[in-house]
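The values are calculated or read from the model by the stated rules, or taken from the named source; none is laboratory data. Everything quoted here is computed from the prediction, not taken from an experiment. Cβ placement follows ideal geometry from the backbone for every residue including glycine, while neighbour counts extend to all protein chains displayed. These accessible areas exclude ligands, DNA and RNA; they are computed on the full protein's heavy atoms, side chains included. Shrake-Rupley method; radii C 1.70, N 1.55, O 1.52, S 1.80 Å.
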Amino acid sequence: QMNRLRRMAANFQLQKDESVRKHVEALYLGLYPTQKLQERAVGWVSYLGKYGDALIDAVMSQAVELCPGHREIFI
């Protein structure tokens, strides 16, 4: 019975590891869609051309606090 429990625990651990690996891959593909950072693949200039000067005002209004990391800004 102990061997059965060990086998069950090992199988559970393998399933959990596989699940974590799939989540990591999904996150990685979201951040690096073309093996480069997403922000470097799609530049801000294309958005400036699409939305015009209003984009600058929208970004400045949402960038109220200085943050050294990345932020999500809704347009």
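Worth a mention:
- Once both labels are positioned 7 Å from their Cα atoms along Cα-to-Cβ, the gap between Ala26 and Gln13 label points is 2.5 nm.
- When all protein chains stay in place and ligands, DNA and RNA are ignored, the 1.4 Å accessible-area order of Glu72, Glu18, largest first, is Glu72, Glu18.
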